[in-house]
Amino acid sequence: MTDYTREIRKRLAEGGWRFHRQGRGDHEIELIRRLGEKVTLDGNVRNRALANKILKDARLGKKF
């Protein structure tokens, strides 16, 4: 299976998202300050549908 986590983190950083705090387990909370929105990122994303959902929640149009 493919691990999408590294690519998601890269795309979030390019979109202006920054690490906000550690969540439960291996989850991270990303924050974009200008909008005050938050996105939860699982520490090990191996499902393409979940990877696309995270990008959609972050309002990034790029898909896998």
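Only the coordinates and a few stated rules stand behind these numbers; no lab work does. Values in this document were obtained by computation on a predicted structure and should not be read as measured data. We place every Cβ from the backbone using ideal geometry, glycine too, and count neighbours over all the protein chains shown.
Residues that are in contact with a helix residue (DSSP H, G or I) (Cβ under 9 Å, 6 or more places away or on another chain) and without any contact (Cβ under 8 Å) to a residue 40 or more places away in the chain within region 6-18 comprise just one, ARG18.
Does ARG59 meet the test of being loosely packed, with under 13 Cβ neighbours inside 10 Å, of a type outside the set (Ser, Thr, Tyr), within 12 Å of the chain's Cα centre (by Cα) and not in a helix (DSSP H, G or I)?
yes
Could you tell me whether region 1-12 includes any residue that is aliphatic (A, V, I, L, M), under 14 Å from LYS63 (Cα atoms), surrounded by 13 or more Cβ atoms within 10 Å (Cβ to Cβ) and within 13 Å of the chain's Cα centre (by Cα)? The answer is yes; a qualifying residue exists.
The number of residues in region 13-22 being assigned to a loop (DSSP other than H, G, I, E, B) and loosely packed, with under 11 Cβ neighbours inside 10 Å comes to 0.
For region 30-56, name all the residues that are closer than 13 Å to ARG9 by Cβ, aliphatic (A, V, I, L, M) and not in a loop (DSSP other than H, G, I, E, B). Listed by number, the residues that qualify are VAL39, LEU41, ALA51, ILE54, LEU55. There is no residue in region 23-40 that is out of contact with any helix residue (DSSP H, G or I) (no Cβ under 8 Å at 6 or more places or on another chain), on the phi > 0 side of the Ramachandran plot and surrounded by 12 or more Cβ atoms within 10 Å (Cβ to Cβ).
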